[in-house]
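A quick write-up on the structure given underneath.
FYI, it's all coordinate maths here, none of it is from the lab. Keep in mind that what you see is a predicted model, and the values were worked out from it rather than measured. Counting neighbours? That spans all protein chains shown, and the Cβs are built from the backbone with ideal geometry, glycine included.
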Amino acid sequence: MQSFFIFCSGADADLLDQCSAGERNKYAGIGATVFFTALMAFFAASYALFTVFDSYLIASAFGLVWGLLIFNLDRYIVSTLKKSDRKINEIWQATPRILLAIIIAVVISKPLELKIFEKEIDQVLLEQKNQLTLANQEQVGLLYAGDELAFAKAIQELNNEIATKEAQVEQLYSTYIAEAEGTAGTNRIGKGPVYQEKRDKHDAALAELTSLKAINAAKIADLESQLAQLQTQEAEQLAATQPVIDNFDGLMARIAALNSLPFLTSFFIFLLFLAVETSPIIAKLLAPRGEYDYKLAERENLVKSWVLQQQSQQQILMQTDRELNNRVYSDIADEDELYQYKKKTARQLMQKQADAFYEKQKRILG
């Protein structure tokens, strides 16, 4: 277990084996912090991605990749932070690493905040869904309100027409009954010519009422059928849009709902993860230079000295070789045999150039 945590810390295991047990325990503790930070990153990313993909397999796969990425970043951050005799140099080295740790802490803490405050977030989302449902019903209702009002008005006008005709028939009925009883009109009791005339008017109006009822009933049935179809379309549109509202619980919606909750509690959770994420760096900054740090510095200085020595020797070899070449070429330049050979070669080259120029000019002139 200690060897695994030392691996997580990014320290040189072979070099640590030459150090004291306390030094190995220190780096094992740093490595354990790196490991458990990556483990929390795995759980956080898996939950966050589960709210997106709604699949345990996909969420776990991507969560594992994210956890390994955080593990590698933390391990790199800790392993590249070198101890120095001056604290200001260590702080300067740690500054960009701490900034990166803050970013990682934000990314890790947010999904876990979503899980911790899941019930509160669900309550906020429920209220938002109810508001969206009411707003959606109002908007869809406005789309069909004009047509529905027109159909209702037309049906009411037809019913009013029947009611007006019924009132007229009722009035004619009262008139001829009063004529028969002698309480109005001619004031003579009995069914005389005037009674018959009023009775005929009533019967004609009654026939018109019967016909009107039949005609208007057909019209009303047609209008009610169209109104029912319109209401069916409205209900179908509401049913089609409702799933969009019901599924309004994705990652961004939950983050927005989380932001509407009290800030202080969420901020303290972020501080907790920030402390966990930066603890390996802070631990290395606060710890004095130990046996491992001195041995590592010694090894690096040896390698640096060896490289500088090799570079110096290579430069000396190149300088010596350059001087030898200059002397060799200087001695050769004074030899007459080499001069005659170069002269002969140059004469042959110039002759070939002259012959080639002559042949080219001859071809051009035809």
Point to revise | Mean separation of Cα contacts under 8 Å, 6 or more apart, over the residue count of the range 1-48: relative contact order % | key: 43
**Study point:** MRE, 222 nm, helices only [DSSP H, n ≥ 4, -39500 (n - 2.57), over the chain, to nearest 500]
**Key:** -32000 deg cm²/dmol
Practice item. Considering only Ile77, Ile98, Ile215, give the residue with the highest GNM mean-square fluctuation for the chain, with springs between Cα atoms whenever their separation is below 10 Å. Key: Ile215
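What is the order of Trp306, Trp66, fewest Cβ neighbours within 10 Å to most?
Trp306, Trp66
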Check your understanding: Cβ under 14 Å from Lys344's Cβ, Lys344 left aside: what net charge do those residues give with Lys, Arg +1 and Asp, Glu -1?
Key -> +2
Review point. Which of Arg199, Arg75, Arg363, Arg289 comes first, and how do the rest follow, when ranked by fewest Cβ neighbours within 10 Å?
Key: Arg363, Arg289, Arg199, Arg75
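Rounding to the nearest 20 debye, state how big the charge dipole of the chain is about its Cα centre with +1 on each Lys and Arg Cβ and -1 on each Asp and Glu Cβ. The partial results should precede the final answer.
Numbers: 37 positive and 46 negative charges, 425 e Å.
Here the chain has a charge dipole of around 2040 debye.
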Exercise for review: Compute the separation of the alpha-carbon centres of the range 217-283 and the range 7-70 and state it in Å as a whole number.
Suggested key: 34
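Sequence gap at least 6, Cα distance under 8 Å: using those rules, report the relative contact order of the chain to the nearest whole percent.
Details: 277 pairs, mean separation 80.8, N = 366.
Computed value for the chain: 22 percent relative contact order.
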Review point. If Lys and Arg each add +1 and Asp and Glu each add -1, what is the summed charge of the other residues whose beta carbon sits under 12 Å from the beta carbon of Ser266?
Key: -1
Review point. Which whole-Hz ³J(HN,Hα) couplings does the range 124-134 yield from phi under the Karplus relation 6.51 cos²θ - 1.76 cosθ + 1.60, θ = phi - 60°, glycine and proline marked x?
Key: 5, 5, 4, 5, 5, 5, 4, 5, 5, 5, 5
Exercise for review: Find which of Leu365, Ala346, Gln319 sits farthest along the positive direction of the dipole of the range 307-365, computed with +1 on the beta-carbon of Lys and Arg, -1 on that of Asp and Glu, about the Cα centre.
Suggested key: Leu365
Check your understanding: So what's the angle, to the nearest 10 degrees on a 0 to 90 scale, between helix 336-365 and the longest Cα principal axis of the chain?
Key -> 40
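Please tell me which of these pairs span more than 32 angstrom C-alpha to C-alpha: Lys119/Lys284; Lys153/Lys198; Lys26/Lys110? Please list the in-between numbers first.
Working: Lys119/Lys284 39 Å; Lys153/Lys198 35 Å; Lys26/Lys110 30 Å.
From the list (Lys119/Lys284; Lys153/Lys198; Lys26/Lys110), the Cα-Cα distance tops 32 Å for Lys119/Lys284; Lys153/Lys198.
Quick one: grab the alpha carbon gyration tensor of the range 253-355, order the square roots of its eigenvalues as a ≥ b ≥ c, and give me rounded if a/c is under 1.5, else prolate or oblate depending on whether a/b is larger than b/c. If you can, show how the numbers build up before the last one.
Working: a/c = 12.31, a/b = 2.58, b/c = 4.77.
Since a/c reaches 1.5 but b/c is at least a/b, the shape of the range 253-355 is classed as oblate.
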Point to revise | Hz values of 3J(HN,Hα) by residue in the range 272-279 - Karplus curve (6.51, -1.76, 1.60), Gly and Pro given as x | key: 4, 5, 5, 5, 5, 5, 8, 4
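Given contacts defined as C-alpha pairs under 8 Å and at least six residues apart, what's the relative contact order of the range 131-249, whole-number percent?
Working: 77 pairs, mean separation 41.8, N = 119.
This gives 35 percent for the range 131-249.
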Point to revise | Anisotropy class of the chain from Cα gyration tensor, a/c 1.5 cut | key: oblate
Check your understanding: Can you put Cys19, Cys8 in order, fewest other beta carbons within 10 Å first?
Key -> Cys19, Cys8
Study note, to complete from the structure: Between the Cα axis of helix 56-79 and the main Cα principal axis of the chain, the angle (0 to 90°, nearest 10) is 40
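Classify the range 307-365 as rounded, prolate or oblate, taking a ≥ b ≥ c as the square roots of the eigenvalues of its Cα gyration tensor: rounded when a/c is under 1.5, otherwise prolate if a/b is larger than b/c and oblate if not.
Oblate, since a/c reaches 1.5 and b/c is not below a/b.
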